[in-house]
Amino acid sequence: MTLHDITATRRGFLAGSGLVIGVAIAPRILAAAQTGVHAGGDPALAPLNAFVKIGTDDTVTVLSKHIEFGQGPFTGLATLVAEELDADWGQMRAVHSPTDNKVYANLSFGLQGTGGSSSIANAYEQMRKAGATARAMLVAAAAEEWNVPASEITVQKGRIQHAASNRESGFGAFAEKASRRTPPAEPKLKDPKDFVLIGTELPKLDTHGKTNGTAIFTLDITPDNLLIAVVAHPEHFGATVKSFNDAEARKIQGVVDVKQVPQGVAVYADNTFAALKGRDALSIEWNLSQAEIRSSEELAAEYVRHFGEPGLEATNRGNVEEAFKAQGLQMLDVEIVFPFLAHAPMEPLDAVFVKADDGSIDIYNGAQFPGFDQSTAAGILGLDEPKVRVNTQLAGGSFGRKAQFGSPYMQEAAAVYAATDGSRPLKHMWTREDDIRGGYYRPMYAHRMRGAINAEGQITAWEQVIVGQSIMAKADLDPTSVEGASNLPYAIPNLKVTSHNVQLAVPPLWWRSVGHTHTGFAVETFVDELFQKIGRDPVEGRLALLKDEPRHAGVLKKAAEMANWGGQVPEGRSRGVAVVESFNTYVGQVVEVSVGPEGAPRVHKVWCAVDCGVAVNPNVIKAQMEGGIGYGLGAVLFDAVTLGKGGRIVQSNFHDYRSIRINEMPDVAVEIIKSSEKPTGVGEPGVPPVGPAVANAWRRLTGAPVRQLPIVNIVSA
Amino acid sequence: MVTFTLNGQERTFDGDPDTPLLWVIRDFEKLTGTKYGCGVAQCGACTVHLDGMPRRACVTPISMIEGSDVVTIEGISGKEADAIKTAWAGLDVPQCGYCQSGQVMSAVALLQMVPKPTDADIDGAMAGNICRCATYHRIRAAIHNAANSMEG
C-alpha cells in the first residue's frame, strides 16, 4: 500500500461522542494546558467526532493523533479541519489525542504513530472529512433550531448564517446539539480550487507558548511529592551490571533509594541535582562479556571486507558485470564510510508516572508510538493495558529517536518506576550524556560504488554495495538500508545494488530521513564525480538522466534557477548540487561553499526547491526545509559517535558531539513547486541533499573528494 | 541559606549549596520555562539573566548568587523582550520549541546591550544557544526585525 492509496474509513473518523474513548482524566494538578496549546471550550468541549471538539466559546479543538515535536502537525491537521469546517483560523486550537491504536491509527502504519514524514499525507483526507462531518452536523443542528432547510445555510469564517431569515450564529451555540446528531455517511469535501486556508501561510498554533516559556514538555510535569530517577548506564554497548556500591550515593542529601534495574543502576531522589550527584557517587563494576569491544575503526575494516562477497540483491537491471568488461571504459571506484549518528534532540528522553486512586497509571511522555509505550509499560507494571494511559506531550525534538519498536526507552523508565512502591509520582530522565551514549543511532554504513563511462561519455554501469546494520532487524534485505539507491532515479542501463547486514551490540534506529541519510550522500556524490570525470555540468548531466523523472527534474531546475546556476560565483567559493526524493517528496538543493576558518567547509547559502504535492502550509514547509538543511549539514560537517579502543563510547555531550550553531548556519532560500498531487511529508526530505551538495562543492573547490564523514575529521586529520 | 530575587520576588534556598541555579528554578521554584539541555554550558537552553547578564543556570551553583537578581523567561519584560517575542511570533521561529526560552533570553540580552546588532553581533551573542531543529535562519531574521521595530 502506498501513501496515495490510503482512504479514510468511516469507522476511523465518523465517530460520535461515544467513540471518543480513552480520554484520560488527568490528576487535577496536571489538568491545565499540558501542551501549552490550550484546548478551547471552557468549561465543556462537545465532541463532534474523534478529532474535533467544539466549545461553547466557539473554539474548535483538533485532537492531533500525531505528536507535535516541531514538524507542525498541530497546525497542519488543524488547517485541514478548519478548511472543511469553514472555521476562522483564530478559533482553532490543537491538543494531542489520547492513545488508541484503532481510532487514532496512522493510516500508513495501521497503528498510532508518527514517522516517515507521513502526518499530512495520511491525514489529508481523514482530517478534511472530520472537519466536513463536524460542519454538516452543526448545519443540521442550526437548520433544526431555526426551522429552515439545511441547504439554505452557509458557513464562513466560523459563522453559521441563514441569509433569508437574517440569522447568524457562531459554532458554540450549536455545539451541544450538533454533538447528539448522527454524523453524515459521506460528507462532501471541497474542490481544491475552493480552498481558502489550505495553501496559505497561517501562523502556527504552538508558537506563542514556545516563545514565552509556557509550553509544557514532559520534563516540565512536576506533580507534588515527585521522585526524580536517573540511571547509571554502561560505557559499552551490551555491558551489564556485575556489582555496585551505593554507600557514597546514599549519603547524598536528597537521595532516597538506589536499585539495580536491567539497564543499569537507578538512583531515586527528591530533586534532580541530588539524583545526578548520587549517580556520580556510585561505584559500578560492569560485566563486558557480551559487550561490543571493537572500535569504530575495527568495525569499518570489517565492513569493507564484505564488499567482495555476494550480498542481498536489491536491484539488478541490465548486466553490470558484462558492462564493466567493455573496452575503452573510464572507471570510478569509490568507498565511503559513514559513522554512527546520535539524534540528540534538545529534550533528552524522559517520562513521568502518576498513580491514580484506582491503581491505574498515567504516563506523560513524548510518545512517538504511544500504543507501544502503553503495552510495554503495562507489561512491566503488571497492569491491563486500559489501566495505563499514555498522555502524549510536546517533545523537544526527536528526529526519529522516540519511534522505537518494543519501546526500549519505556522499558527502562517503567522498570525504574516498577522498582518503587508506587506511592510517589516519578520522573525518569536521561541526561545529555545518556542521550549521546544511549545508542539507537543512525547505524554505521560502508558503501562501495563502481561506475563505468564509455567512450561517448555515457554512464553505462553502476554497482553499489551497502554494508551496515538492518534497522528493521531483518535477516534478509532491509529496504531501509538501500532506499534511494535501489530505486536510483537516473537512467543508467546496467544497475546493481546489493547489501550486507551486519550484527552489532550497538542498537540501530532510524534517524531523520533513514536510509537516505547515507544513500543520498553516496549516490549524489558519486554521480557528480562521474560527471566531473567527463567534464559534464552537474545540473545538465543530471537532467539528461532524469528525462523520465519530471518531479526530480522539476526541483533540480528550480533550485538551479534560484541560484542562477552557471552565473558568476564569488572568488574563493564553489557551488554544489544534489537532488533526492525521500518519502515521496522531491528536494533539489544548490549550495555555495568556501574554505572556513577551521579549514572545513563554510556553507554560505543554500537554495532549496521542494515538491511535496499540495502545499498545505507553505510556512511550515519552508521551516522544515530550513531545519532539515541545518540538521543534515551539522551532521555531515561535525558529527560522529565513535567507539574507541576496546569499544568504549568516546563522545558524551555537545562539546564533542557538535551541533551546528547559528554562526555556522547558511542563509537558506526555499521555493515550493506548485502541484495538485496529494500532499507528502516535509519533516525529513530537507535533510538528504545538503550533505552531498556540500561535498560536491568541496570537491570542486579543493579537489578533495569526501570519502569519510564527518568532513571536519578529514580536514583536521 | 542563599537569598536572591527571582523575577522581582525575594526567594531563599537552604538546600545543597552546590545545587545549580537551573534545578533550584525548576525543582524548587517550579518555574519550568528554563530548560535542561546539556548540564555543561554547551547548549544555552537554561539561559537566564543574572544581574542583567545572560548566564547558563546549569553551571551556576546557587551559592554563587547570594544577593543577585535572577530573571527567567517567565519574568523577562521591557521593550526589548516585547520586541523579541513579537518578532519571534511574526516569523513563527520555534519548531519543537524546547530551546526557545534560552534563545529568547540570549536575544533579549543582546538587544539590551546592542540595540542594532550586526550579523556578527548576533553570531557572537547567540552561538552559545543550540537549536537542534536549526531554526537559526529565522532567529537571525527575528532579531533584526525586533531591532528594527524598536527604532524611533
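The values are calculated or read from the model by the stated rules, or taken from the named source; none is laboratory data. This structure is a prediction, so every number in the text was calculated from the model and none was measured. Heads up, the Cβs are rebuilt from the backbone with ideal geometry, glycines too, and the neighbour counts pull from every protein chain shown. With ligands, DNA and RNA removed, areas are computed over all heavy atoms of the protein, side chains included. Shrake-Rupley method; radii C 1.70, N 1.55, O 1.52, S 1.80 Å.
Before moving on, here are some points about what is shown:
- Residue pairs exceeding 21 angstrom between C-alpha atoms, taken from A:K157/A:K190; A:K210/B:K85; A:K259/A:K402: A:K259/A:K402.
- Taking 0.36 nm per residue of separation and subtracting the Cα-Cα distance, full extension of the segment from A:Q458 to A:D476 would add 3.1 nm.
- Each DSSP beta bridge with both residues in chain B is either parallel or antiparallel, and the antiparallel ones are about 85%.
- FRET efficiency, 1/(1 + (r/R0)^6) with R0 25 Å, evaluated for A:K157 and A:E186 via beta carbons: 0.50
- Part-to-part distance (alpha-carbon centres) for the range A:201-273 and the range B:23-59, which is given in Å: 17 Å
- Calculated FRET efficiency for the pair A:R250/A:S289, C-beta based, R₀ 30 Å, to 0.05: 0.55
- Anchor A:K53: lysines whose Cα lies under 16 Å away (excluding residues fewer than 8 positions away in-chain): A:K65, A:K129, A:K177
- Amide H contacts of A:Y441 (H built 1.01 Å from N, under 5 Å, at least 5 apart or other chain): A:L509
- Heavy-atom accessible area buried between chains A and B is around 4500 Å² (1.4 Å probe, both sides summed).
- Whichever aspartates and glutamates have a C-alpha closer than 17 Å to that of A:K557, once near sequence neighbours (fewer than 8 apart) are set aside: A:E524, A:D528, A:D537, A:E540, A:D548, A:E549, A:E581, A:E592, A:D611, A:E671
- For A:H604, the amide hydrogen comes within under 5 Å of the amide hydrogens of A:E592, A:V593, A:S594, counting only partners 5 or more places away or on other chains and with H modelled in the peptide plane.
- Part-to-part distance (alpha-carbon centres) for the range A:406-480 and the range A:285-311, which is given in Å: 15 Å
- Within the range A:123-160, backbone nitrogen closer than 17 Å to the virtual label 7 Å beyond the Cα of A:D194 toward Cβ: A:125, A:128-140, A:150-160
- Eligible lysines near A:K325 by straight Cα distance, threshold 23 Å, same-chain separation 8 or greater: A:K496, A:K533
- Each DSSP beta bridge with both residues in the protein assembly as shown is either parallel or antiparallel, and the antiparallel ones are about 75%.
- Binned Cα-Cα distance frequencies in the protein assembly as shown - 20 Å width, integer %: 15, 46, 33, 6, 0
- Residue-wise HN-Hα coupling along the range A:102-109, computed from phi with Karplus coefficients 6.51, -1.76, 1.60 (Hz; x: Gly, Pro): 8, 4, 10, 4, 6, 5, 7, 9
- Protein accessible area in chain A, 1.4 Å probe - carbon and sulfur %: 49 percent
- Calculated accessible area for the protein assembly as shown comes out at 36 Å² per residue, all protein chains present (probe 1.4 Å; ligands, DNA, RNA ignored).
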